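**Student:** I'd like to ask you about the structure that follows.
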Amino acid sequence: VQLQASGGGLVQAGGSLRLSCAASGRTFSSYTVGWFRQAPGKEREFVAAISWSGSSTYYANSVKGRFTISRDNAENTVYLQMDNLKPEDTAVYYCAAAGGASFPRISSTWYDYWGQGTLVTVSS
């Protein structure tokens with residue numbers, strides 16, 4: 001599976017962005033997909049995950065109620081809608097895919113395939 005993340009950019013605090021993760025290769029619809037982020041000088045952290053069918057989602061407490069993860073398996077794409085953005089959301093955002101039925105997958109070690117990352121900058 002090859003993943004391509006896009007949609008990052010510069011936005012003011014309180015604004016919105018939608019990230020996309022487009023997949024190609026093997027059967028994308030059978031994978032759990034997660035979003036992670038890494039801020040400068042910090043470790044990569046879990047943001048959100050969605051099950052292979054889209055019926056289950058899971059969020060980090062720091063983004064719950066502000067971010068929404070969704071997927072369109074017909075289009076091989078997963079989205080991360082980010083609303084009410086805060087300066088502390090500034091980071092490079094990565095999408096990743098994990099095989100297997102267990103959900104949620106919070107640790108990055110579960111994920112087999114990674115996209116290249118897209119930068120989100122939130123100004124105050």
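**Student:** Looking only at segment 8-24, which residues are part of a strand (DSSP E or B) and either free of Cβ contacts under 8 Å to residues at least 12 places away in the same chain or not charged (D, E, K, R) (or both)? Working first, answer last.
**Tutor:** Of all residues in segment 8-24, those part of a strand (DSSP E or B) come to 9-12, 17-24.
Listed by number, the residues that qualify are Gly9, Leu10, Val11, Gln12, Leu17, Leu19, Ser20, Cys21, Ala22, Ala23, Ser24.
**Student:** From the set of residues in segment 86-124 that are open to solvent by 60 Å² or more (accessible area, probe 1.4 Å) and hydroxyl-bearing (Ser, Thr, Tyr), which is farthest from the chain's Cα centre (by Cα)?
**Tutor:** Of everything passing the filter in segment 86-124, Ser124 is farthest from the chain's Cα centre (by Cα).
**Student:** Going by the conditions given, is Val11 modelled with pLDDT of 95 or more, crowded, with 17+ Cβ neighbours inside 10 Å and over 22 Å from Ile106 (Cβ atoms)?
**Tutor:** On the way: modelled with pLDDT of 95 or more: yes; crowded, with 17+ Cβ neighbours inside 10 Å: yes; over 22 Å from Ile106 (Cβ atoms): yes.
Yes.
**Student:** Still on this model: Only one of (1) open to solvent by less than 60 Å² (accessible area, probe 1.4 Å); (2) assigned to a strand (DSSP E or B); (3) over 10 Å from Tyr93 (Cα atoms) is not met by Gln4, so which one is it?
**Tutor:** Result: Gln4 passes all but (1).
**Student:** Quick one: in segment 67-96, which of the residues that are at pLDDT 95 or above and of a type in the set (A, V, I, L, M) is nearest to Thr32 (Cα to Cα)?
**Tutor:** Checking each candidate, the answer is Ala96.
**Student:** Go through segment 61-74 and give me each residue that's free of Cβ contacts under 8 Å to residues at least 40 places away in the same chain and open to solvent by 20 Å² or more (accessible area, probe 1.4 Å). Before you say what the answer is, go through the steps one by one.
**Tutor:** In the first step, residues of segment 61-74 are kept if they are free of Cβ contacts under 8 Å to residues at least 40 places away in the same chain; the result is 61-72, 74.
Selection gives Asn61, Ser62, Lys64, Gly65, Arg66, Thr68, Ser70, Arg71, Asp72, Ala74.
**Student:** Within segment 15-31, can you find the residues that are surrounded by 15 or more Cβ atoms within 10 Å (Cβ to Cβ) and of a type outside the set (Gly, Ala, Ser)?
**Tutor:** Leu17, Leu19, Cys21, Phe28, Tyr31
**Student:** Out of (1) touching a residue at least 40 places away in the same chain (Cβ under 8 Å); (2) open to solvent by 60 Å² or more (accessible area, probe 1.4 Å); (3) β-branched (Val, Ile, Thr), what's the single condition that is false for Val78?
**Tutor:** Val78 satisfies all of (1) touching a residue at least 40 places away in the same chain (Cβ under 8 Å); (2) open to solvent by 60 Å² or more (accessible area, probe 1.4 Å); (3) β-branched (Val, Ile, Thr) except (2).
**Student:** Kindly indicate which of Phe46, Phe36 is crowded, with 18+ Cβ neighbours inside 10 Å, closer than 22 Å to Gly100 by Cβ, in contact with an Asp or Glu (Cβ under 8 Å, 6 or more places away or on another chain) and in contact (Cβ under 8 Å) with a residue 60 or more places away in the chain. First the steps, then the outcome.
**Tutor:** Details: Phe46 fails: in contact with an Asp or Glu (Cβ under 8 Å, 6 or more places away or on another chain).
Testing whether each residue is crowded, with 18+ Cβ neighbours inside 10 Å, closer than 22 Å to Gly100 by Cβ, in contact with an Asp or Glu (Cβ under 8 Å, 6 or more places away or on another chain) and in contact (Cβ under 8 Å) with a residue 60 or more places away in the chain leaves just Phe36.
The values are calculated or read from the model by the stated rules, or taken from the named source; none is laboratory data. Owing to the predicted nature of the structure, the values given are computational and were not obtained by experimental measurement. All Cβ positions, glycine included, derive from the backbone under ideal geometry; neighbour counts span all protein chains shown. Accessible surface areas use protein heavy atoms only, side chains included; no ligands, DNA or RNA. Shrake-Rupley method; radii C 1.70, N 1.55, O 1.52, S 1.80 Å.
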